[in-house]
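This report concerns only the one structure given below.
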Amino acid sequence: MTRVGDTPLVRIRATVAGKIPDGVEIWAKLEGANPGGSVKDRPALAMVLDARRRGLLTPGRRILDASSGNTGIAYAMIGATYGHKLTLCLPENANIERKRLLAVYGAEVVPTSPLEGSDGAIREARRLAAEHPDRYVYLDQYSNEANWKAHYGSTGPEIWEQTNGRVTHFVATLGTSGTFMGTTRYLREQNPSVHCASVQPDSPFHGLEGLKHMETSIVPPIYDDAYADEDMGAPTEESFALVRDLAEKDGLLVGFSAGGALWGAMEIAKRLDEGVIVTIFPDGGERYLSEAHIWERPEEDE
């Protein structure tokens, strides 16, 4: 698992050309380069290793958690590496790529209501953990301190080193909030003036898979909104359009939440004369290709 982390940091050029001031740079961490294909490899590895160190993953006990997909895939890959089986509570409307990847890694999937999203999966995981405490080790990514600490120990230091300390603004989307919380803590220790902005969907009914609209969701206990200099609401359709642009103009095939991250970075860039903005692209677009209607440009975009 030494391949987790050390992901590329690339400058976004063509997609933002003419839309932000010339003196502002936007850079993105390509987390799809992790072996499991997403930023979730970082906290999943940290949470599994923490449970192993504490002697929780004894023979016969399975890893249990709720996920919209990426953390589950990371758990399944890491669990296969260390010999731990996974039971994952997953919304039934998760796309086919996620379900196939989980099956390939040998995960047991407990489908939950698509109408309840990740919150429904959380409730089911809590129920299973309470009913079968001897069978499951409920890692609970939304409450697990090892989640944000993984980013404090890896994502943050990588950004600082890769920018040679030039980073002036950090932008990250909110799901469990671990990426934002851990990275922000680290960057603030290096330079308290780094502006840290969180991005969530602008409404409870959105298409940015993996992200939470905090006002209407179960708020992760590891999340503290006091760490954000500002919180931004990303519009779904504009985020989708940016994902299409990133593929066609910058040659970057990324997932839908990356569109929300770039939207937030661009909104901040428009206010500046100069700056170095770093954001996170949580995963690659390969695991969304079955959602063809989103990749097709509306007539007005053509």
Fill in the blank from the handout: With DSSP loop assignment and no more than 16 other C-beta atoms within 10 Å, the trypsin sites (Lys or Arg not before Pro) in region 238-302 are Lys270, Arg271
Fill in the blank from the handout: What one gets for region 126-212 as the Kirkwood radius, inverse of mean 1/r over different Cα pairs in Å, is 14.6 Å
Fill in the blank from the handout: Binned at 5 Å from zero, the C-alpha pair distances of region 41-138 give percents of 2, 16, 26, 25, 20, 8, 2, 0
Completion exercise
In this structure, among Lys40/Lys212; Lys19/Lys212; Lys19/Lys270, pairs with alpha-carbon gaps over 18 Å are Lys19/Lys212
Fill in the blank from the handout: Connecting every pair of Cα atoms under 10 Å apart in the chain and solving the GNM, the largest mean-square fluctuation among Gly36, Gly233, Gly18 falls on Gly18
Handout entry: Likely footprinting exposure, Met214, Met77, fewest C-beta neighbours within 10 Å first
Key = Met214, Met77
Exercise for the section: Could you calculate the contour length gain from Glu296 to Val10, that is, 0.36 nm times the residue separation minus the distance between their Cα atoms, to one decimal place in nm? Expected result: 100.4 nm
Exercise for the section: Would you mind checking region 152-178 for residues with the amide N under 16 Å from a putative spin-label position 7 Å along Cα→C-beta of Glu267? Expected result: 170-175
Problem - Helix axis angle, 236-250 relative to the chain longest principal axis, alpha carbon, degrees - result: 70 degrees
Completion exercise
What the 5 Å binned alpha carbon P(r) of region 69-196 shows, as percent of pairs per bin from 0, is 2, 10, 16, 18, 17, 13, 10, 8, 5, 1, 0
Completion exercise
Summing +1 per Lys or Arg and -1 per Asp or Glu among the other residues with Cβ less than 15 Å from Ala172's Cβ gives -3
Practice task
Compute the acute angle (0 to 90°) between the alpha-carbon long axis of helix 256-269 and the principal axis of greatest extent of the alpha-carbon atoms of the chain; round to the nearest 10°.
Solution key: 40 degrees
Exercise for the section: Mind checking the full-extension length gain between Ser193 and Lys19? Use 0.36 nm per residue of separation minus the Cα-Cα distance, one decimal, nm. Expected result: 60.1 nm
Exercise for the section: Specify which residue in the list Leu56, Ala129, Val110 is farthest towards the positive end of the charge dipole of region 41-138, using unit charges on the beta carbon of Lys, Arg (+1) and Asp, Glu (-1), about the Cα centre. Expected result: Leu56
Problem - Simple label model, 7 Å out from Cα along Cβ direction - Glu161 to Leu289, nm - result: 3.3 nm
Fill in the blank from the handout: Taking the dipole of the chain about the Cα centre (Lys, Arg +1; Asp, Glu -1; charges at Cβ), the one of Ser154, Leu252, Thr184 that reaches farthest to the positive side is Ser154
Exercise for the section: Using every pair of alpha-carbon atoms in region 138-287, split the distances into 10 Å bins beginning at 0 and state the percent of pairs per bin, rounded to integers. Expected result: 12, 41, 38, 9, 0
Problem - On Cα atoms only, tilt of 70-82 relative to the major axis of the chain in degrees - result: 50 degrees
Handout entry: Arg100 versus Glu145: modelled label distance in nm, points set 7 Å from Cα along the beta carbon direction
Key = 4.1 nm
Handout entry: Debye, to nearest 20: dipole size of the chain, +1 on Lys, Arg Cβ, -1 on Asp, Glu Cβ
Key = 1460 debye
Problem - Projected label distance in nm at Asp231 and Thr81, using a 7 Å step from Cα toward the beta-carbon - result: 3.3 nm
Handout entry: Kirkwood hydrodynamic radius over Cα pairs of region 1-86, then Stokes diffusion coefficient at 20 °C and 1.002 mPa s, in µm²/s
Key = 144 µm²/s
Handout entry: Student exercise, region 41-138 dipole from Lys, Arg, Asp, Glu Cβ charges, in Debye to nearest 20
Key = 340 debye
Practice task
Could you give log10 I(q)/I(0) at q = 0.10, 0.11, 0.14 Å⁻¹ for the chain, computed by the Debye formula over C-alpha point scatterers of equal weight, without solvent?
Solution key: -0.51, -0.61, -1.00
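Every number in this text was worked out from the coordinates using simple rules, so none of it is lab data. None of the values given here were measured: they were computed from a predicted structure. When we count neighbours, we look across all protein chains shown, and the Cβ atoms used for this are built from the backbone with ideal geometry, even at glycine.
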